[in-house]
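The values are calculated or read from the model by the stated rules, or taken from the named source; none is laboratory data. The structure displayed is predicted, hence computed values, not measured ones. Methodologically, a virtual Cβ is constructed for each residue, glycine included, from the backbone with ideal geometry; neighbour enumeration extends over all protein chains shown.
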Amino acid sequence: MSSAYVPPKVWRWEPKEDNKFANINRPTAGARFDQQLPVGQHPLQLYSLATPNGQKVTILLEELLAAGHAGAEYDAWLIDIGEGAQFGSGFVAINPNSKIPALLDRSVQPAIPVFESGAILLHLAEKFGAFIPTAPAARAACLSWLFWQMGATPYLGGGFGHFYAYANDKQQYPIDRFTMEVKRQLDLLDRQLAEHEYVAGSDYSIADMAIWPWYGALVVGEAYNAAEFLEAATYKNVLRWQQQIAARPAVQRGRLVNRRNGGLRERHAASDFDGVWPKAAP
């Protein structure tokens, strides 16, 4: 297939308005302005937004609290990535990659900054000894699927989601390429969940919490409005798992945190859910 585009000898960035996030994308890292982050009273300070990557961490924190780990109390502060808040100097000091979520663990001194959602899940699971298996084989399976999500999902979000939903110019080649890969990933998950209750085996773990906000949302049309396009109804085991995780009260609470609309912009105590989360406690 021929293309009219010929790559230049040296690529140079030129600002364009060719996709939903064009106004914040640049080919350089680092802080763009000075802004200190707020700090609450709890040991864990989370700076995030309720995207799938952000939901991973708030789901785990709410699951930890529901399981009785009082040390998992946290303050959650909204970082509006659409407005470029992730480029403030305070946020960049915790996460030099300028992506949400970012965690500051103040339960120890000096405080520990943790970035990348998978690293935050692993840090918290190990810290509290929960939602990560201790038996070697089960732990290896959990970590394998956790890292699968971290490696696979850029093809879903930055690949399929970008070209199918966000790019102004819809092009067949990238949409075909990334749709094929996303359907392969869904088929992989469906086969795995045909043999196991949860992604990594018989136990609910951080692997599920990492994968569910992305692929669970995808198969019910909450991500990119693409369920019909992807024939999501054919992935029956993924749908069963999606519904099973969605019914968990801690998951329902975690999804509400750091929402710009229709939830909690900030979360500082369990009572913040009053009137926002109407379901009965477990």
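Residue pairs whose Cβ atoms lie under 9 Å apart, sitting 6 or more positions apart in sequence or on different chains, and linking a residue in the range 186-207 that is not assigned by TED's automatic domain parsing to the domain that holds ASN53 to a partner that is in a strand (DSSP E or B), are TYR204/TYR198; SER205/TYR198; ALA207/TYR198; ALA207/GLY201.
Would you check which residues across the range 188-199 are of a type outside the set (Asp, Glu), closer than 15 Å to TYR215 by Cα and outside any strand (DSSP E or B) and list them? Give the derivation first.
Restricting attention to the range 188-199, the residues satisfying the condition of being of a type outside the set (Asp, Glu) are 188-189, 191-194, 196, 198-199.
Now restrict to residues that are closer than 15 Å to TYR215 by Cα: 188-189, 191-193, 198-199.
Hits for the range 188-199 are LEU188, LEU189, ARG191, GLN192, LEU193, VAL199.
Give me the residue from the range 18-45 that is in contact (Cβ under 8 Å) with a residue 60 or more places away in the chain and assigned to a strand (DSSP E or B) and, out of that set, farthest from ARG106 (Cα to Cα). Looking at the filtered set, the residue picked out is ASN19.
Would you say ALA165 is small (Gly, Ala, Ser), touching a residue at least 12 places away in the same chain (Cβ under 8 Å) and in a loop (DSSP other than H, G, I, E, B)? It would help to see each step written out before you state the result.
Values: small (Gly, Ala, Ser): yes; touching a residue at least 12 places away in the same chain (Cβ under 8 Å): yes; in a loop (DSSP other than H, G, I, E, B): no.
Answer is no for this residue.
The listed residues are LYS99, LYS170, and the only one of them that is among the basic types (Lys, Arg), under 23 Å from ALA29 (Cα atoms) and not in a helix (DSSP H, G or I) turns out to be LYS99. Among residues of the range 246-268 being without any contact (Cβ under 8 Å) to a residue 40 or more places away in the chain and part of a helix (DSSP H, G or I), the one that is surrounded by the fewest Cβ atoms within 10 Å (Cβ to Cβ) is ALA246.
Filter the range 128-142 down to the residues that are in contact (Cβ under 8 Å) with a residue 40 or more places away in the chain and in a helix (DSSP H, G or I), then identify the one that is farthest from the chain's Cα centre (by Cα). Steps first, answer last, please.
So in the range 128-142, the residues in contact (Cβ under 8 Å) with a residue 40 or more places away in the chain come out as 128, 130-133, 138, 141-142.
Next cut, in a helix (DSSP H, G or I) only: 128, 138, 141-142.
Working: PHE128: 20, ALA138: 23, ALA141: 20, CYS142: 17 Å.
The selected residue is ALA138.
Can PHE160 be described as under 17 Å from ALA223 (Cβ atoms) and without any contact (Cβ under 8 Å) to a residue 24 or more places away in the chain? Against the criterion (under 17 Å from ALA223 (Cβ atoms) and without any contact (Cβ under 8 Å) to a residue 24 or more places away in the chain), PHE160 does not qualify.
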